[in-house]
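The values are calculated or read from the model by the stated rules, or taken from the named source; none is laboratory data. It should be emphasised that the depicted structure is a prediction, and the values quoted were computed from it without experimental measurement. Cβ atoms come from the backbone with ideal geometry, glycine included; neighbour counts cover every protein chain shown.
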Amino acid sequence: MATTNSQHAARLGHAETGGSGPTARGITRRGFLRWIVGIAALTLGAQGAAGFWAFFKPRIQPGAFGGKVSAGQVAEFDPGTVTHIQQGRFYLSRLEDGGLLALWHRCTHLGCTVPWRDDETRFRCPCHSSIFNEKGEVLSGPAPRPLDIFPIEIVDGEIVVDTSRPVERDRFDPAQLIRI
Ligand code: FES
């Protein structure tokens, strides 16, 4: 069937403005759409990655458990005392000879928080009655090993405890003590 001049002109117009052929600037409509879709996909991917990181990144506040925690100045802790450092989840035990230990307050049996009993001068686990002394040694089970310790460093008289690195022990050793 023969086409009229006006139909032919209409098809040409469609090809130039709405089809996938090259435009006057050399970019096809399809290519332009691919470019837009690619940018959108990259943006969505970046947003997804940022959301994933924000959700799963370690939430360690400065000075809180999981990082380095200041317990205070050495002079604040008398020999023969055990002090709970709540934000660090450890006890600072200063032995009679002045040596320092940072004892994780987590029972080595099943993980209950172990309170220090001033009246008994020992730790007594409320869950299954394990008992530990001021060095964290097991006096009575079922705890299988002493309380774990955290590394201590003294910075200008300040006691800084690294709660990111608990150390398991099978017994107390004087070499574990930090001396000033
Ligand atoms: S959790 Fe402490 S004795 Fe069981």
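Out of GLN176, GLN87, one residue alone is in contact (Cβ under 8 Å) with a residue 24 or more places away in the chain and under 16 Å from GLY66 (Cα atoms). It is GLN87.
Being out of contact with any Cys (no Cβ under 6 Å at 6 or more places or on another chain) and modelled with pLDDT under 95 is true of PRO22.
Going through THR121, THR163 one at a time, which residue ends up being surrounded by fewer than 12 Cβ atoms within 10 Å (Cβ to Cβ), away from the ligand (no atom under 16 Å from the Cβ) and not charged (D, E, K, R)? Working first, answer last.
Values: THR163 fails: surrounded by fewer than 12 Cβ atoms within 10 Å (Cβ to Cβ).
Result: THR121 is the single residue among THR121, THR163 that is surrounded by fewer than 12 Cβ atoms within 10 Å (Cβ to Cβ), away from the ligand (no atom under 16 Å from the Cβ) and not charged (D, E, K, R).
When ARG34 is tested against (1) among the charged types (D, E, K, R); (2) within 30 Å of THR108 (Cα to Cα); (3) modelled with pLDDT of 80 or more, only condition (2) is not met. If you go through region 74-114 and keep only what is assigned to a loop (DSSP other than H, G, I, E, B), touching an Asp or Glu at 6+ places or on another chain (Cβ under 9 Å) and within 16 Å of the ligand (Cβ to nearest atom), you end up with just THR108. What are the residues in region 152-170 that are charged (D, E, K, R), at negative phi and in a loop (DSSP other than H, G, I, E, B), if any? Correct list: ARG165, GLU168, ARG169, ASP170.
Exactly one residue out of GLU134, GLU158 is touching a residue at least 24 places away in the same chain (Cβ under 8 Å) and under 20 Å from GLY67 (Cβ atoms): that is GLU158. Just to be sure, is ARG169 within 16 Å of the ligand (Cβ to nearest atom), within 21 Å of PHE65 (Cα to Cα) and under 27 Å from the mean Cα position of the chain (by Cα)? Answer is no for this residue.
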